[in-house]
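Okay, so here's the structure we're looking at.
Derivation of every value follows stated rules applied to the coordinates shown; laboratory data play no part. Because the structure is predicted, anything quoted here is derived from the model rather than measured. Positions of Cβ are generated from backbone atoms using ideal geometry, with glycine treated the same way; all protein chains shown enter the neighbour counts.
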Amino acid sequence: ITKNRQELVSLIENNSVIIIRGATGSGKTTQLPQFILDHYAEKKTPCNLVVTQPRKIGATSIARWVARERKCTLGSLVGYQVGLEKMATEHTKLIYVTTGVLLQKLVSAKTLTEYSHIFIDEVHERTEELDFLLLVVRKLLRTNSRYVKVILMSATINCAEFAEYFGTPIRNQMNPAYVFEVEGAPYAIEEFYLDELKTILPLGVNVDLTFPVDPCITEEMYNVAISLIQSFDEMEQTGSATHPERGSVLVFLPGLAEIQYMKEALAKLVRKRLQVYPLHSTVTLEEQNGVFLVPIPGYRKIILSTNIAESSVTVPDVKYVIDFCLVRQLVCDKETNYRCLRITWASKTSCNQRRGRAGRVSKGFCYRLVSRHFWEHEIPDFTIPEMLRSPLASTLLKVKLLDMGDPRSVLSTALTPPNLNDIERTVLQLKQIGALSVQSNSQRQFDGELTFLGRVLAHLPVDLQLGKLIVFGHVFGCLEECLIIAASLSLKSFFAMPSLQQLAGYRSKLSFAQNIPSDFIAFVNAFKIQRSDELEWGKENCIQIKRIREVAELFEDLKKRVSRFNMHISSSSNPTDYTSLHKQRFILQVAIAGAFFPNYFSQGEIDEQLASKELSGNDPKTTIMVPVNLPPFAFLCYKQLQSLFRQCGQVKSICFDGSRAYVEFYRSCVRETGVLPEVLLALLRARQTPALQLQVHHADEVEAHPQVHNTHRPYQRRMKFSNKNLSFRVNVDVIDVGHFWGFRTDESSVEKQCQLTAALNIRDLRPVSVSLYPNLLCVAPFKDGQQMAKYYRAKVLHILGSNVEVFFVDFGNTSVVPCSSLRELPSDLMTPPFQAQEFCIAGMGPSAHSLILGGRWSSRARNRFKTLTSSRSAIVSLYSILHGVMRVDLHISTEAGDVSVADLLVQEGYARHVPESFESQVTMFCSVTLQALVYGPSSPHKVSFHSMSRISNFRAVGIERDGINSVMVNESPQNWHERMLVAATVSLSASGSRVLLKETSLMPHIPGLPSIVTMLFTPVMELRTNEDRTGFTGALCGLGWNSVSQNAMLPEHDIELAFDVKFDFEDITEINALRGTVNKLVCDGPNGLTNLSPDKISSLQEEARERLVGLFIKNPPRPECTPVYYEKFKKWNQLQEKDDGKSKGVLFQLHPITLLNM
């Protein structure tokens, strides 16, 4: 481009818009802006240049290159800004930015005059952001920024289309923008197609010229590419007598999975001396730099890249380009409007860009792995603009912020205008989010006023629903947590899930979630933890420190941005006491649900009887099943198979029964009551590749071995329990409310205890000779009051440095003692049965009050239970023995006589009566079988989900494998009330057959919660009543209906509720009252948020929090009822209610309440 320097400078100065098409590597991006800089420096005239790049990696690497050429410090004369990362000062004259950064600046300023020259590079890519940027630049250029120079650049631009678009009207006709072509590439590039490779490839490599219906890479095509790479050595040897320099190879693949597959395949070519570098959006800065390094002498550099290397990134020593002619594109499903990434054929313009990556330093070669006929007749000429295939929500919000008119008329002036139906649908979605006002005026159905929420969202550099989450965080007093979540979900996850350590990564994420099944809570807890040695902490917890630092930067940026709208983190938003902490977490979960309406999913029901039979009476919270046909005599492979689950946790037993095997894990903590993390890890293991395999002997070979016939055969023993009263002493150290350890206090049992204690303490006990490990049986000291310490039988729970926590197996309590104080348990004293028994109160579960204020049980409920049971004997009436735990009715003596503890806790609002599980209700069978080893775990209690809006009908719903809820076990299938799952992102699989959820939160199992949450956050609601209008049976929630056509506005997002608890007039009034409080905290005007004092904001937040919790904690609880769906399913306007028009322009309209017949 240097030879055209003067001509180009002159053209730019004399034209408002100029289009430059130049071959890749001609210097458009790096040299042309410098020509302008030098020209203005000579004239001693100020200038301010901005150059856009479609990707961050391009903007940063080019800015570094230009700064090096100018011999200046990066950030002085030459700088860059990508997202939050800014390396520029007020003295910077040339700045490289991403398309989104410039767009945000122009939308806010509504003028181009901050810059003298705007260079828009790689315009052929036609992303949604780029097309909207061109629209904004064109509009402002014709109104208030006539003297700014605009330069469009690309190697493969459709010049006529762009010249026409930026034409200027002269004498009643359009004069197209000036086009300048930079001729020639540095070196010639030779092209080859698949049908021409047979002569190059070695014999035996199959070249299939038929292409699958759905674009993909077959194994044969991978082999062709690998064979090509191997053949380059031979080609170079024949071309040069001396040792030639091995040219670098750039392979274009559609995505990360394909890059990983190719990398593993190339790793097998050990003798070929290859240096393989992956290049995609998630690689670190260090990995990016490796791509530009000169390879070790004698080695060949192989770069496996997505279309990121198509433009922006130039690797100068690339000699060979291998192109599969594929790209992964974000498309929008027409039926559901969900997004999905699909592999499609890349356009000819994109493929020509890829070809231009070769031939920089010598002759280049481009190998397209399609036939020449396919290239000419099937590959599209140009890329379909993203604006025609992607959601338009962010773009439409910017249109409203620019205040240029009706969104449909503004976007009709785009280079390629989007479909009118897509624009109208997006306007409706913005109304659903609350960014545009919901109005019943049918003439403005596809437009609306920008709400206060909409203005906030337009100024935040995050997804709209994440922006809404931040606003709800402000409303409900959990702004800090919502900012953390928004920052974490806007960037690549800082939780590392490496393929070789996936279980470790998942275990780490589980531990950060702290027993709350929510990815959001895991992000918050990991981010907030205090860490001294960051790098060491990151390694131990599978967390990428560089990414968590990026999240911290975005968190600070978002905090500053929302402070402009008078939203500030409260100093009292970090509670430390037990009750306030759990209350805060519950409110946070509800705020999350509100932000992601209508991404609501319902937990599928489980046939409890069938699941119980499938699991053969084992505990689903500790046991997994292997539903495969086990080989005969599988127990002979015990050690081999046990090792398969060692990564998951400590295996207690593995038994088998016919064609099924059962693996039970130890509880690592006696206070652990839910599903073991080990069970979830084992279920996750089943989804890993390669599949688990066994090495087994042939059955005939085993039968011939005489020792096998002496092995005990499995048998079954029926166990019966009488419903008699037994006297037990409840231990002070209870596990949880209604769940405790105790020991019998009848005369003979107490005598046995005394004899056992005496026998232990007269012995000369030896110190433990083995290394300590969990579940090791030993003898430990315990001191009761002023008495001298005595030794008792115990089991190791946790090793805590020089101390150890032990569980006393005859009394049921725990204690922390020095490791040196433990003694070996004499073998003859291992035989007597352990005296402590584990108990659980039957038919009792936590109330909504306890769930909200304690996760499961509130601290007040725990204290009350301890007060009722502490240091006293109690009578238990045995109901059943389930998984080794006695399910009982617990009675204590009071002044009023014997009282049931369960009834007392229910009366006081801490608990509620719940049905016992099917297993507990039936007579139990206990299968005592031999040990065997297994592979391929599953559980009949594994949870499935379906969409509450029914949008996923006929599609399976799956959760991404990195998510906490990707494997879920239903621990209480007897609880038939609906349970809700909220998802941050909903997309479709590439085939469109599955709905995929990313970042999910499983809401507490409170009866009626899904209905309350949906009614609270829906834009419009219509109540359903029974036939005689004496009670509410459900509600239809969504965006409402068109008053002219009488059709639903957004039918696929409507949710038809059928109540499973009874709601009355007072309940709906309370929901409206809370919506009104939210409106006061999210509104414009003299009484709007920006004009409120800190005290008034704090008062309204506290009111919102108390009203929210009050909706779920109702005493007495709402009565249960059988759900009945309305006969006219998802039909609006069944009650002919009128809109009073009083609540227009606010976030939430108040719901009309149907009057019932008394």
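Details
- FRET efficiency for H977 and E376, using Cβ-Cβ distance with R0 set to 56 Å, rounded to 0.05: 0.35
- Pairwise label distance in nanometres, I545 with V816, each label 7 Å out on the Cα-Cβ vector: 2.8
- Residues of the stretch 385-405 with amide N under 16 Å of a point placed 7 Å along Cα→Cβ from D1084: 397-405
- Gain upon complete extension [Q1134, S10; 0.36 nm per residue less C-alpha separation]: 397.7 nm
- The chain - charge dipole about Cα centre, Lys and Arg +1 at Cβ, Asp and Glu -1, debye rounded to 20: 1960
- Once backbone amide H atoms are built at 1.01 Å from N, Y792 has A780, F782 as its partners under 5 Å, excluding neighbours fewer than 5 places away on the same chain.
- On the beta carbon distance between K44 and E1106, with R0 = 60 Å, the FRET formula returns roughly 0.35.
- Take the Cα of K560, step 7 Å toward its Cβ, do the same at E161, and the gap between the two points is 3.8 nm.
- Length-normalised contact order of the chain in % [C-alpha pairs under 8 Å, at least 6 apart]: 10
- Residue separation of T143 and K613 scaled by 0.36 nm, minus their Cα-Cα distance, works out to 161.7 nm of gained length.
- Amide H partners (placed H, <5 Å) of N775, local residues excluded: V796, L797
- Proximity of backbone amide H atoms, modeled 1.01 Å from N, is registered between I959 and L997 at under 5 Å, excluding neighbours fewer than 5 places apart on the same chain.
- The stretch between K652 and T416, if pulled fully straight at 0.36 nm per residue, gains 78.5 nm over its current Cα-Cα span.
- Modelled this way, with points 7 Å down the Cα-to-C-beta line, the labels at V1044 and K268 are 6.4 nm from one another.
- Dipole axis of the stretch 1-97 (+1 Lys, Arg; -1 Asp, Glu on Cβ), positive-most option in I62, I19, N4: I62
- As a calculated quantity, the FRET efficiency between N574 and K105 at R0 = 41 Å, using C-beta atoms, amounts to about 0.70.
- Taking GluC sites (Glu not before Pro) across the stretch 1099-1139, the ones in a DSSP loop with at most 15 further Cβ atoms lying within 10 angstrom of their Cβ are E1127, E1137.
- Ordering I1055, I529, I1113 by the number of other Cβ atoms within 10 Å of each residue's own Cβ, fewest first, gives I529, I1113, I1055.
- Proximal aspartates and glutamates relative to K105, as straight alpha-carbon distance under 14 Å, when same-chain residues fewer than 8 apart are discounted: E114, E129
- Placing +1 on the Cβ of every Lys and Arg and -1 on the Cβ of every Asp and Glu, with nothing else charged, gives the stretch 2-182 a dipole about its Cα centre of roughly 400 debye.
- Residue pairs, from the table K509/K583; K139/K468; K528/K998; K110/K400, whose Cα atoms sit over 18 Å apart: K509/K583; K139/K468; K528/K998
- Taking other Cβ atoms within 10 Å as a rough exposure proxy, T1033, T199, T168, T1014 sort from fewest to most as T199, T168, T1033, T1014.
- Between the helical axis of 219-239 and the longest alpha-carbon principal axis of the chain there is an angle of about 50 degrees.
- Rounded Å value of the spacing that divides the Cα centres of the stretch 367-432 and the stretch 81-125: 22
- Fewest-first ranking of L304, L756, using other Cβ atoms within 10 Å as the exposure measure: L756, L304
- Most positive-pole-ward Cα, V885, P620, I470, against dipole of the chain from beta carbon charges: I470
- DSSP-loop trypsin sites (Lys or Arg not before Pro) across the stretch 146-181, with at most 15 other Cβ within 10 angstrom: R146, R171
- Relative contact order %, the stretch 1006-1158, counting alpha carbon pairs below 8 Å whose residues are six or more apart: 32
- Helix-only [θ]222 nm of the chain, DSSP H runs n ≥ 4, -39500 (n - 2.57) each, per residue, nearest 500: -9500 deg cm²/dmol
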